[in-house]
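Each reported figure results from applying straightforward, stated rules to the coordinates on display, with no laboratory input. Predicted model, so just to flag it, every value in this text is computed and none were measured. Note: ideal-geometry Cβ built from the backbone for every residue, glycine included; neighbour counts use all protein chains shown.
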Amino acid sequence: MNKKPIIGISGNFIMDKGGMFPGYKRAYVNDDYVKAVAMAGGIPYIIPIVNDEDLAKEQMSNVDALILSGGYDVNPLIYGEEPKQKLGAILPERDKFDIWLLKEACKMNKPVLGICRGIQLINAAFGGTINQDLSYDENCYIKHFQETSPSTAGHTVEIVEGSRLNSILSSKVTTNSFHHQSLNRVAEGFKIAARTKDGTIEAIEKEGENFVMGIQWHPEMMSSSSPEMLNIFKELIKNVKKV
Ligand code: MN
């Protein structure tokens with residue numbers, strides 16, 4: 001039997017607000033990531049946050065590809081900035097963990113898909129910078145934190161012609177949008193693959209052969225209703241090298 005590729009999804013922490021154990025810490029991912037991977041033909045696995053670099057590398061060696069999932073803002077100290085007034089909540093323990101996974105995945109030439117926080121994490125990890133809030137970007141006029149359901153397409157995204165993303169998506173798509181930050185300076189070795197009409201960066205991809213892509217919107221939340229969004233996950237899986 002031909003084994004399907006194992007897709008590791010980076011985990012998050014959630015703190016119980018009430019119930020039996022207030023303040024109790026749990027490891028989790030949003031179920032839509034799991035569903036999208038399964039629908040695209042991969043075997044979904046959650047990779048829980050650990051505070052041990054060697055263990056994180058072992059976790060990465062046990063999966064075929066990595067999805068960096070959404071969540072807290074990236075610590076601005078990583079890209080050389082002090083926190084500004086409108087920075088959201090950060091979780092430095094997770095930044096450290098995600099960077100261990102990302103660097104190991106790149107070293108092992110395993111495909112990586114960063115979603116929402118994931119695109120920002122990839123950019124910061126490779127030397128790029130982030131607008132800590134969209135209000136700090138004077139060109140931004142589009143509403144990027146929509147107040148409609150997660151699967152609703154809220155804004156237009158223009159895909160850069162000739163990009164890898166353009167081989168999966170048509171040159172203009174509509175996507176959901178749930179971010180209050182955006183990429184500022186793009187990391188060296190990466191190119192912009194998509195923008196909204198106000199110039200906000202919505203996707204980047206690594207130059208060269210290995211598939212490392214960051215997406216600012218949430219394709220996993222649209223995948224059950226949009227075959228085009230599901231294609232992003234299929235492409236990730238397609239790029240798993242058969243050893
Ligand atoms: Mn957006």
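Look through ALA40, ALA27, ALA36 and report the one residue that is in contact with a Phe, Trp or Tyr (Cβ under 9 Å, 6 or more places away or on another chain) and free of Cβ contacts under 8 Å to residues at least 24 places away in the same chain.
Values: ALA40 fails: free of Cβ contacts under 8 Å to residues at least 24 places away in the same chain; ALA36 fails: free of Cβ contacts under 8 Å to residues at least 24 places away in the same chain.
After applying the criteria, what remains is ALA27.
Would you pick out the residues in region 61-103 that are among the aliphatic types (A, V, I, L, M), assigned to a loop (DSSP other than H, G, I, E, B) and under 18 Å from HIS180 (Cβ atoms)?
Taking region 61-103 first, the residues among the aliphatic types (A, V, I, L, M) are 63, 65-68, 74, 77-78, 87, 89-91, 99, 101-102.
Right, trim to assigned to a loop (DSSP other than H, G, I, E, B) and you get 63, 74, 87, 89, 91.
Scanning region 61-103 gives VAL74, LEU87, ALA89, LEU91.
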(message) I'd like to check something: does region 202-217 contain any residue that is within 15 Å of the ligand (Cβ to nearest atom) and basic (Lys, Arg)?
(response) no
(request) Give the residue, chosen from ASN139, ASN131, ASN123, that is within 16 Å of the ligand (Cβ to nearest atom) and either in contact with a Leu (Cβ under 7 Å, 6 or more places away or on another chain) or of a type in the set (Val, Ile, Thr) (or both). (result) ASN123
(request) Select from region 154-179 the residues that are among the hydrophobic types (A, V, I, L, M, F, W, C) and closer than 15 Å to ASN231 by Cβ and list them in ascending order. (result) VAL157, ILE159, LEU165, ILE168, LEU169, VAL173
(request) Would you confirm whether any residue within region 164-182 is of a type in the set (Phe, Trp, Tyr) and more than 14 Å from the ligand (Cβ to nearest atom)? (result) no
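May I ask you to list the residues in region 1-24 that are touching a Phe, Trp or Tyr at 6+ places or on another chain (Cβ under 9 Å), within 19 Å of ILE46 (Cα to Cα) and surrounded by 12 or more Cβ atoms within 10 Å (Cβ to Cβ)? Outline the logic, then answer.
Filtering region 1-24 for residues touching a Phe, Trp or Tyr at 6+ places or on another chain (Cβ under 9 Å) gives 6-16.
If we keep only those that are within 19 Å of ILE46 (Cα to Cα) too, we end up with 6-15.
Scanning region 1-24 gives ILE6, ILE7, GLY8, ILE9, SER10, GLY11, ASN12, PHE13, ILE14.
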(message) So, in region 123-153, how many residues would count as being surrounded by fewer than 20 Cβ atoms within 10 Å (Cβ to Cβ), farther than 25 Å from PRO227 by Cα and polar (S, T, N, Q)?
(response) 3
(message) Could you check region 154-170 and list, in sequence order, the residues that are buried (at least 16 other Cβ atoms within 10 Å of the Cβ) and β-branched (Val, Ile, Thr)?
(response) VAL157, ILE159, VAL160, ILE168
(message) Suppose we keep only residues that are among the polar types (S, T, N, Q) and under 16 Å from LYS35 (Cβ atoms) within region 185-243. Which one would you say is surrounded by the fewest Cβ atoms within 10 Å (Cβ to Cβ)?
(response) SER225
(request) Test GLU161 against the criterion of being away from the ligand (no atom under 16 Å from the Cβ) and without any contact (Cβ under 8 Å) to a residue 40 or more places away in the chain, and give yes or no. (result) yes
(message) Please go through (1) more than 16 Å from the ligand (Cβ to nearest atom); (2) more than 14 Å from ASN123 (Cβ to Cβ) for MET221 and return the number of the only condition it doesn't satisfy.
(response) (1)
